[in-house]
Amino acid sequence: MTAALIKTFLDSFCEENERDFSVVLSKRSPRQLKGKYVIRKKLIVLYPKSSENPFDLEQTALHELAHHLCWKRNEAQLLALRHQGKRLPRHGREFKDIYYDLLAALDWRHEETSEPFPSRQTPEEKLFFAIFRNSSSPCETVIGRKAK
Ligand SMILES: [Zn+2]
């Protein structure tokens, strides 16, 4: 699993103007953390373990993306609160609404593929690739085989 692949995966859940974050993978996990989001750097850090189920990593990545989206969508409010020395609860209502939407979107994709980190191909593209990759496809063309 690469950071670039996870970034592409997460981008596919975002609007164009919400893709201004980066993803890094780190082996050193402080305090058993699975991931974190650094607001100032708009950075998602993930701590994947080799034993980890990729579906868990997928969920952790979406959890951190929810922090990013929560920040983007409530920035003015969050800055105003910070100005008063207050902050929204990290996993409060705003966060949960976004996270649950992401999980619902993920479930929806798992209906189509049982793979973690499903690609961004449209159903039409998937069908196209399935046909042309599959050697038993009825429209396969064999070139250059000489008759015996
Ligand atoms: Zn969190």
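The values are calculated or read from the model by the stated rules, or taken from the named source; none is laboratory data. Keep in mind that this is a model prediction, so the values were computed, not measured. Positions of Cβ are generated from backbone atoms using ideal geometry, with glycine treated the same way; all protein chains shown enter the neighbour counts.
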Flag if Glu64 is acidic (Asp, Glu) and modelled with pLDDT of 90 or more: yes
Leading residue by the ranking (nearest to Leu106 (Cα to Cα)) among those in region 70-86 that are away from the ligand (no atom under 16 Å from the Cβ) and assigned to a helix (DSSP H, G or I): Glu75
Check on His67, buried (at least 18 other Cβ atoms within 10 Å of the Cβ) and either more than 16 Å from the ligand (Cβ to nearest atom) or not polar (S, T, N, Q) (or both): yes
Residue check, Ala76 farther than 12 Å from Ser22 by Cα and more than 19 Å from the chain's Cα centre (by Cα): yes
Complete set of residues in region 16-36 that are within 14 Å of the ligand (Cβ to nearest atom) and surrounded by 14 or more Cβ atoms within 10 Å (Cβ to Cβ): Lys34, Gly35, Lys36
When residues of region 106-117 are limited to those that are assigned to a helix (DSSP H, G or I) and surrounded by 13 or more Cβ atoms within 10 Å (Cβ to Cβ), the one nearest to the ligand (Cβ to nearest atom): Leu106
Any pair with Cβ under 6 angstrom, 6 or more apart, that starts in region 27-40 at a residue that is within 19 Å of Thr2 (Cα to Cα) and ends at one that is among the charged types (D, E, K, R): Gly35/Glu64; Tyr37/Glu64
For Pro89: the one exception among (1) within 13 Å of the ligand (Cβ to nearest atom); (2) over 19 Å from Ala4 (Cβ atoms); (3) not in a loop (DSSP other than H, G, I, E, B): (3)
In region 57-75, the residues that are touching a residue at least 12 places away in the same chain (Cβ under 8 Å) and of a type in the set (Asp, Glu): Glu58, Glu64
